[in-house]
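A short write-up of the structure that comes next.
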Amino acid sequence: MEIFTTQYFGLFVIICLGFILGSIKFKGISLDISAIIFVALIFGHFGMTMPPIIGKLGLILFIYTIGMQAGPGFFESFKQQGRNLAIIATIIVASASAIAFAAFWWTGIEMPVAIGLLTGALTSTPGLAAAIDATGSPLVSIGYGIAYPFGVIGVILFVRLYPKFVKADIKKAEKEYEKLSESGFPDIKSKTFKVENENVEGKSISELRIRSMTKAVISRIMHNGEAVVPSPDTILHKGDLVKAVGTEDSLNKINLLIGNETKEQIPLHKSYEVQSILVTNKEAVNQMLGTFNLWSNYQATVTRLRRSGIDITPSPSMRLHMGDKLTVASSRENMKQVVRIFGNNDKKLSDTDFFPIAAGIVLGIILGGLSLSFGENISFNLGLTGGILAVAMILSRIGRTGPIIWSMSGAATQLLRQIGLMFFLVEVGTKAGSQLVETYNQYGSQLFVIGGVITILPMLLAVISAHFMKKMNILTMLGAITGSMTSTPGLAAVDPMTDTNAPAIAYATVYPVAMVLLIIFTQLLAVF
């Protein structure tokens, strides 16, 4: 039947077979979704091709959602370990360039071929474009085509097998990463204190400047046996019980300011309740918490905020994100008004507005196409991947512009990322598979070996270097390696290994650095 030869049929057959192959485990090792590319290589060898638009569309969706996922943590990551990640990128790109130059010097291959092997081994299309522009030789494309298949496969195999080879404890690495991520957000606790300090007697919470002095939030007070939700004007008296929420350090300051901790508990007044409220109202997103005047308007207090699995002590200047969970104390009647302000609609978190996605991608494509010129012969642009990745990270950090909510729900991000990744792997795999045998027959094994060395040796050097960088977290290291190799399929192979964003954030941090370095080195090699 004709339907069996159609490209769209082949696309989904490859995806189905890829998932079947990826689910097979051998000594605890499985390829997961990255198995799709190996099935695609076989189909490509036997003549199956995919329209380039399939790969472009997949790449765009995958990179955009990676940027959305990594963006909020990217800037903190760069502050904490940007130097070490940049060193990894420099080691990989510099060593790969040195190997390409050594191959040119010792084996006698032409420099354009060597540069092509370099860009193919690092799977860098922007690097290829810069190399072609610098050399003006079609031999660059030949070298790229020879090295590219193993550049894709080699990185995937390396990042999948290395943790098994060194018997890495991924769960332990996840806990270490989460602990590091949460180091800026200490655990939030609640304790009850008895007012004993005579200097506090008869003064209001605002006069004592409790929030600014201690960074803690007073959630409840009991005076003369009656529990109330406090306002800034609430007066403290000796013997009152005060329930405070904050970090250990904040609560220690409350202890010094008010009095000692007590085991007595403050019951919640029958007319009050404590409720967790999701921020799903677009009008509340990116607004400072203080702008809602919750106490003045509704006698409500926000005692804590939970974001991306981390509890944070709220402050009036804190801007809200879509999906934040607020713990609010208020009267039952006023709680209805507070809920209306913030939304608390689970369904809205699962709904996806495609306009911000499309608009963000358009901005990314435009940014990627802009070029900066340095003299007559040197120019630089982020390219499609770099432009979309940069815009996605920036927009996810901004969160909202006017009525437009840039951030995406976790479910929508995961779905679009999977679809994009599958399409990308199928197109890349069939394209590489169609050239694999032909290039081998034409050029023999020498260039394949050189390309393989350029792919593998720099990653080994990066692993050795990372070991001395305060024992870099293995998930961060693998993300940095895939980013330095500018390997999206490599990231796709690492991503299913963990529930954390560590690889994606490291990839997003390193990728622009590696791309700039590779373009510089190809320009330098082209001089010879």
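Annotations for the structure displayed:
- Karplus-derived 3J(HN,Hα), 6.51/-1.76/1.60, for each residue of region 329-334, Hz, glycine and proline x: 10, 6, 5, 4, 5, 6
- Of the listed residues W105, W406, the order by accessible area with a 1.4 Å probe, largest first, is W105, W406.
- Listed pairs K189/K238; K282/K347; K172/K471; K25/K471; K25/K431; K171/K347 exceeding 20 Å between Cα atoms: K189/K238; K25/K471; K25/K431; K171/K347
- Cα-based radius of gyration of region 465-528 once divided by 2.2 N^0.38 Å, which approximates compact folds: 1.25
- Reference-scaled alpha-carbon Rg (2.2 N^0.38 Å with N residues) for region 146-261: 1.88
- The value obtained for region 314-374, namely the Cα convex hull volume divided by the number of residues, is 138 Å³ per residue.
- Enclosing the Cα atoms of region 414-511 in their convex hull gives a volume equal to 100 cubic angstrom per residue.
- Over region 206-330, all Cα pairs binned in 5 Å intervals from 0 give whole-percent P(r) values of 2, 10, 19, 25, 20, 14, 7, 3, 0, listed from short to long.
The values are calculated or read from the model by the stated rules, or taken from the named source; none is laboratory data. Since the structure is predicted, the reported quantities are computational estimates derived from the model, not experimental observations. What goes into the accessible areas is simple: the full protein's heavy atoms, side chains included, and nothing from ligands, DNA or RNA. Shrake-Rupley method; radii C 1.70, N 1.55, O 1.52, S 1.80 Å.
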